[in-house]
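Take a look at the structure set out below.
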Amino acid sequence: MKMKNSSTGEKKELRTIGSKQYTDESFEVLRHSASHLLAHAVLELFPGTKTGIGPAVENGFYYDFLREEPFTPEDLSAIERKMQELSLNDIPIEKVVIPREEAIHIFAQTEQDLKIELIKEKGYIEVTCFRQGSFIDFCLGPHVPSTGHIKHFKLLSVSGAYWKGDENGMQLQRIYGTVFFSKKELEDYLSLLEEAKKRDHRKLGTEMDLFSFHENLGGGLILWHPKGAAVRRVIENYWYEEHYKEGYDVLYTPHIAKLDVWRRSGHTEFYDAMYPPIKSDGIEYELKPMNCPFHIMVFSSRQRSYRELPLRFAELGTVYRYERSGVLHGLLRTRGFTQDDAHIFCRADQLEEEIRRAISLALKMLKVFGFSDYDVFLSTRPEKYCGDVEDWNKATKALEKALRSEKVAFKVDEGEGVFYGPKIDIKVKDALQRFWQCTTIQLDFNLAERFDLSYIGEDGKFHRPFLIHRALLGSLERFFGILIEHYNGNFPLWLAPIQAIIIPIADRHNKYAMSLDNAFKQNNLRSTVDIRREKIGYKIRDAEIQKIPLILIVGDKEVKQETASLRIHSVGDKGQVNVNEFLEKVKNLIQNRSLTVNI
RNA sequence: GCCAGUGUAGCUCAGUGGUAGAGCAACUGAUUCGUAAUCAGUAGGUCGAGGGUUCGACUCCCUCUGCUGGCUCCA
């Protein structure tokens, strides 16, 4: 699951941007042509550079280059200017089909070794190339008719990338850019990037005092501050509540286990994100990267009857994974995180219904958190798999039927399942139209077999249950990060770390303010009071910056009438309210987990 | 882990080899105030860490470390 880059999921349907309609195909052509323009410019400015591949990607394009010196930010601007120049020259782009040997000869003249390698790999008799002026590239196309069609682009970054994605191979320099049909679209996209930067959860997390990282603590390890922890607790309580209603049993399991457990599960062999074992009394223990074996051990702690199934074991299980230093990213990619995990053990005849219930629960919870747009993917059997084909087919069918009975539109990712079973993934769309994967519901044939799971059937014989592994929010850390960015820190009332702040105008109002604060606390509101000797404008500004949903101002008028003046965050002054009525309304909004404050 | 960039006060950032700076936040004092910043003062830094070059290093070089953008992988 990719969070950062490819998080903005693909949209295959026709989409409307601005006043024109473009198919994804036309975007792809433009982006791909822009990548050629980039390569053209680079070769003009830096002769001798070897070109790798340069495809269109989501939101833009890139091109990989092999060159001794690194490209600097200044180089990037120079390249962009050269691209502009080439665009103004409106050079025709022509398709040329040439015999393989001749093509190799052409690329040999300019020492484009990487291109030759690609041509040789393909084994075509004739090679399709595209030529624009002095630049020729081995490529199937299609492309825009001339460079003049590529006008509105921007180079965004340069980074390392492995040749053919092979970590042990050579590393190329990849230049990323984006391109659009109109200036406005480009500007809109760039301002979207700006907006995303502004609401980056790492920035807001510091500003709002939600969580922190500490250099001496270790990379990817989170310190949840009081306000962040308050939000987490609300999420957890809600999660437990829904799981209780859905017939889950909650477990607690340890953070370490003997290495043998992980040998049996196959993790030591197939999973590369485990921390090195801890040796104690000659026994090797391992920090848990997953919760599954523990839940399985609970299942296997005694003989199970078919009558008990389905068993749904849930746990907010904190796991530790050694993620490579370069991939850590705020709350979205950490080394210690808490999965909202559950394992469902069921019979074949229950499989479809259990999957359906899991999907339904996921969508219900996501909606409560404010995500009602999503993409759903069904991934089927990959080439390398374990278990038997019949089980795979049965299970895949069940997943599909479950999706249909929930009336969920989905896309099939053929062969994209994990080796141990088919799965359903749900990606939610946030306020900036970015997609984030949260839910994953996976069948697991591997562990069921490795731990020899069984129950006694109606026939008195042993049967193997189906094992469903599922995380609905994904991980609390990542989900919190997504929430912060989705709401730009303006949490809905029920989630807000501080729900109400009472601001007395002068010292003589402190007592009344504190009594309100206390009354709110008695009613389970997360409330606070600001008795600093500051002007009201200052305290209001401070409360607004803290993004506190409800601001109550009390002065002479309010004390006398036993009211408060309500100000709603980013809405403004709502005038005086009766305290008891207000409290009832607020409690109601919180109880209903309302996403808007309407008082 | 790899490529590139980056690290100065709690936060945002100045400071190109010669005694470490600003704004905000914090603290102290005055102000008792009606819907997004009252005024004055104080304190706060081994300039990420270690080594080197130099009469002298925040500044130049090396190593390590954190962070950022990617690659690869992932909840």
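The values are calculated or read from the model by the stated rules, or taken from the named source; none is laboratory data. Keep in mind the model is a prediction, meaning the values are calculated, not measured. Here the Cβ is made from the backbone with ideal geometry for all residues, glycine too, and neighbour counts use every protein chain on show. Accessible surface areas use protein heavy atoms only, side chains included; no ligands, DNA or RNA. Shrake-Rupley method; radii C 1.70, N 1.55, O 1.52, S 1.80 Å.
If you filter the stretch A:436-454 down to residues that are surrounded by fewer than 21 Cβ atoms within 10 Å (Cβ to Cβ) and not hydroxyl-bearing (Ser, Thr, Tyr), you find that the one that is nearest to A:Leu361 (Cα to Cα) is A:Gln442. Does the stretch A:43-56 hold any residues that are part of a strand (DSSP E or B) and among the hydroxyl-bearing types (Ser, Thr, Tyr), and which are they? Result: A:Thr51, single match. Residues of the stretch A:143-167 that are more than 10 Å from RNA strand B (Cβ to nearest atom) and either over 23 Å from A:Glu25 (Cβ atoms) or loosely packed, with under 15 Cβ neighbours inside 10 Å (or both): A:Pro145, A:Leu155. Looking only at the stretch A:213-241, residues that are closer than 14 Å to A:His329 by Cα and in contact with a helix residue (DSSP H, G or I) (Cβ under 7 Å, 6 or more places away or on another chain) come to 2 in all. Given the criteria closer than 21 Å to A:Gly481 by Cα, open to solvent by less than 30 Å² (accessible area, probe 1.4 Å) and assigned to a helix (DSSP H, G or I), does A:Trp239 qualify? Against the criterion (closer than 21 Å to A:Gly481 by Cα, open to solvent by less than 30 Å² (accessible area, probe 1.4 Å) and assigned to a helix (DSSP H, G or I)), A:Trp239 qualifies. Might you let me know whether the stretch A:296-306 holds any residue that is open to solvent by less than 50 Å² (accessible area, probe 1.4 Å), closer than 30 Å to A:Lys197 by Cα and not in a strand (DSSP E or B)? Looking through the stretch A:296-306, none of the residues is open to solvent by less than 50 Å² (accessible area, probe 1.4 Å), closer than 30 Å to A:Lys197 by Cα and not in a strand (DSSP E or B). A count restricted to the stretch A:240-265 and to residues that are closer than 15 Å to A:Leu311 by Cβ and of a type in the set (A, V, I, L, M) stands at 2.
Selection within the stretch A:252-263: residues that are out of contact with any helix residue (DSSP H, G or I) (no Cβ under 6 Å at 6 or more places or on another chain) and not hydroxyl-bearing (Ser, Thr, Tyr). The member of this set that is surrounded by the fewest Cβ atoms within 10 Å (Cβ to Cβ) is A:Pro254.
Looking only at residues of the stretch A:172-188 that are touching a helix residue (DSSP H, G or I) at 6+ places or on another chain (Cβ under 7 Å) and either of a type outside the set (Phe, Trp, Tyr) or surrounded by fewer than 18 Cβ atoms within 10 Å (Cβ to Cβ) (or both), we find that the one that is nearest to A:Val29 (Cα to Cα) is A:Val179.
If I filter the stretch A:56-67 for residues that are small (Gly, Ala, Ser), at pLDDT 90 or above and within 28 Å of the chain's Cα centre (by Cα), do I get at least one hit?
Going through the stretch A:56-67, the residues small (Gly, Ala, Ser) turn out to be A:56, A:60.
From what is left, the residues that are at pLDDT 90 or above are A:56, A:60.
Pick out the ones that are also within 28 Å of the chain's Cα centre (by Cα) and you get A:56, A:60.
Yes, the stretch A:56-67 has at least one match.
Residues in the stretch A:189-208 that are within 9 Å of RNA strand B (Cβ to nearest atom) and open to solvent by 50 Å² or more (accessible area, probe 1.4 Å): A:Lys197, A:Arg202, A:Lys203, A:Thr206, A:Glu207.
A:Gln109: under 16 Å from A:Ser35 (Cα atoms) and among the polar types (S, T, N, Q), yes or no? Walk me through it before giving the result.
Values: under 16 Å from A:Ser35 (Cα atoms): no; among the polar types (S, T, N, Q): yes.
Here the answer is no, as A:Gln109 does not meet what is asked.
Exactly one residue out of A:Glu286, A:Glu354 is outside the structural domain of A:Glu167 (by TED's automatic domain parsing), more than 15 Å from A:Phe466 (Cα to Cα) and surrounded by 13 or more Cβ atoms within 10 Å (Cβ to Cβ), and it is A:Glu286.
Scanning the stretch A:502-515 for residues that are more than 10 Å from RNA strand B (Cβ to nearest atom) and open to solvent by 10 Å² or more (accessible area, probe 1.4 Å) yields A:Lys511, A:Tyr512, A:Met514, A:Ser515.
With out of contact with any strand residue (DSSP E or B) (no Cβ under 8 Å at 6 or more places or on another chain) and surrounded by 19 or more Cβ atoms within 10 Å (Cβ to Cβ) as the only criterion, which of A:Gly489, A:Gly474 stands out?
A:Gly489
Condition test on A:Ile540, is it closer than 17 Å to A:Arg593 by Cα, within 11 Å of RNA strand B (Cβ to nearest atom) and either assigned to a strand (DSSP E or B) or β-branched (Val, Ile, Thr) (or both)? When the stated conditions are applied, A:Ile540 does not pass them.
Considering only the stretch A:486-527, state which residues are touching a Phe, Trp or Tyr at 6+ places or on another chain (Cβ under 9 Å) and of a type outside the set (A, V, I, L, M). Residues satisfying the conditions are A:His486, A:Pro492, A:Trp494, A:Pro497, A:Gln499, A:Pro504, A:Arg526, A:Ser527. Taken together, the criteria exclude A:Val179 from residues that are more than 21 Å from the chain's Cα centre (by Cα) and part of a helix (DSSP H, G or I). Within the option set A:Val554, A:Val586, being more than 6 Å from RNA strand B (Cβ to nearest atom) and within 39 Å of the chain's Cα centre (by Cα) holds for one residue only, A:Val586.
Please enumerate the residues belonging to the stretch A:463-479 that are within 9 Å of RNA strand B (Cβ to nearest atom) and assigned to a strand (DSSP E or B).
Taking the stretch A:463-479 first, the residues within 9 Å of RNA strand B (Cβ to nearest atom) are A:471, A:473-479.
Of everything in the stretch A:463-479, those that are within 9 Å of RNA strand B (Cβ to nearest atom) and assigned to a strand (DSSP E or B) turn out to be A:Ala471, A:Leu473, A:Gly474, A:Ser475.
Residues considered: A:Ile548, A:Ile599. Of these, the only one that is within 16 Å of RNA strand B (Cβ to nearest atom), touching a strand residue (DSSP E or B) at 6+ places or on another chain (Cβ under 9 Å) and at pLDDT 95 or above is A:Ile548.
Do the conditions hold for A:Leu86, that is, is it open to solvent by less than 70 Å² (accessible area, probe 1.4 Å), modelled with pLDDT of 90 or more and more than 26 Å from A:Phe27 (Cβ to Cβ)? Spelling it out, it is not the case that A:Leu86 is open to solvent by less than 70 Å² (accessible area, probe 1.4 Å), modelled with pLDDT of 90 or more and more than 26 Å from A:Phe27 (Cβ to Cβ).
Considering A:Ile426, A:Ile344, the condition of being closer than 30 Å to A:Ser305 by Cα, in contact with a helix residue (DSSP H, G or I) (Cβ under 7 Å, 6 or more places away or on another chain) and buried (at least 22 other Cβ atoms within 10 Å of the Cβ) is satisfied by A:Ile344 alone.
Of the residues making up the stretch A:222-236, those that are open to solvent by less than 50 Å² (accessible area, probe 1.4 Å) and in contact (Cβ under 8 Å) with a residue 24 or more places away in the chain are A:Ile222, A:Gly228, A:Ala230, A:Val231, A:Arg232, A:Val234, A:Ile235, A:Glu236. Consider the stretch A:562-583 and keep the residues that are among the hydroxyl-bearing types (Ser, Thr, Tyr) and in contact with an Asp or Glu (Cβ under 8 Å, 6 or more places away or on another chain). The one that is farthest from RNA strand B (Cβ to nearest atom) is A:Ser570. For the stretch A:455-462, the criterion of being aromatic (Phe, Trp, Tyr), surrounded by fewer than 17 Cβ atoms within 10 Å (Cβ to Cβ) and either touching a Ser or Thr at 6+ places or on another chain (Cβ under 6 Å) or over 28 Å from A:Phe480 (Cβ atoms) (or both) is met by at least one residue. Quick check on the stretch A:307-341: of everything there that is within 11 Å of RNA strand B (Cβ to nearest atom) and part of a helix (DSSP H, G or I), which residue is surrounded by the most Cβ atoms within 10 Å (Cβ to Cβ)? Checking each candidate, the answer is A:Val327.
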